[in-house]
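Everything below concerns the one structure shown next.
The values are calculated or read from the model by the stated rules, or taken from the named source; none is laboratory data. Model, not experiment: these values are computed from the prediction. Quick reminder, even Gly has a Cβ in these numbers, built from the backbone with ideal geometry, and neighbours come from all protein chains shown.
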């Protein structure tokens, strides 16, 4: 809840300016209002986000620089500089393209987790397969799609070990392995997302968030932990959209780039969904299309040789 006047310069990166869990002191905490500031040279929606609606909140996009393409009722609209658009609660819509460099404000009120995607049968392609446990037969494909594994024996050994221990899961599209996730269950007696990696040519299709949601259903603890670098603001945004909250910082893993630890209270998420205060938490066993994340979560090896997550 905002209790005092707040004044800051807009940063030169994307961040949450206002909401329930702002990532730093630039933003302020509010349960009434959410403001997301995009300032990037990247296309953050990839091939386009999934069509969705907000059950209780109105949403507005204000474009300061660059342009967005939004889809409403099958029609597409380009929103350019000094233009804005609004979606009332219940209006099905999607941002289908971003033309960077872009600077926008997304304003939504009230600040509640009320996003609901269109029904799976409307959104999913018949070529998308259930997420399944990885097997030894998948190892060549996993190593081939992971650019770190191509040159690092330690990474290859990590993947092989995770598969042998039953801690790895794969994503397939049209029968082709195009990503994998690894989790462990001995992080101070709790489950921990170690690594999410999506093949470069499949990024931007929503496979990463889908894999994270699925792995949440495999957690053996009520609190699921993960981590990402301080420099990886995109992953921070993704985790916070998935209702993860900051739990601490670990220094001295990557020089000059601390690791931010996140936690998601799974049982609390279920309760809030029952109360209508959060997105329904339900197991997902298929891969939806839609929003895309590029991430790094606490795994035992990265290109720099320290803990961290791969790419989604």
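Against the test of being modelled with pLDDT of 95 or more and surrounded by fewer than 19 Cβ atoms within 10 Å (Cβ to Cβ), the options 23, 81 yield a single qualifying residue, 81. Based on this model, can you work out whether residue 162 counts as over 16 Å from the mean Cα position of the chain (by Cα), buried (at least 22 other Cβ atoms within 10 Å of the Cβ) and either in contact (Cβ under 8 Å) with a residue 12 or more places away in the chain or not in a strand (DSSP E or B) (or both)? Answer is yes for this residue.
Condition check ((1) at positive phi; (2) in a loop (DSSP other than H, G, I, E, B); (3) in contact (Cβ under 8 Å) with a residue 60 or more places away in the chain) across all residues:
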| position | (1), (2), (3) |
| --- | --- |
| 8 | no, yes, no |
| 13 | no, yes, yes |
| 37 | no, no, yes |
| 46 | yes, yes, yes |
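For residue 297, the conditions (1) at pLDDT below 75; (2) closer than 27 Å to residue 151 by Cα; (3) surrounded by fewer than 16 Cβ atoms within 10 Å (Cβ to Cβ) all hold with the exception of (3). If the condition is being closer than 21 Å to residue 215 by Cα and part of a helix (DSSP H, G or I), then region 138-159 contributes 138, 139, 141, 142, 143, 145, 155, 158, 159. For region 196-224, how many residues are under 16 Å from residue 46 (Cβ atoms), in a loop (DSSP other than H, G, I, E, B) and touching a helix residue (DSSP H, G or I) at 6+ places or on another chain (Cβ under 9 Å)? So the answer is 1.
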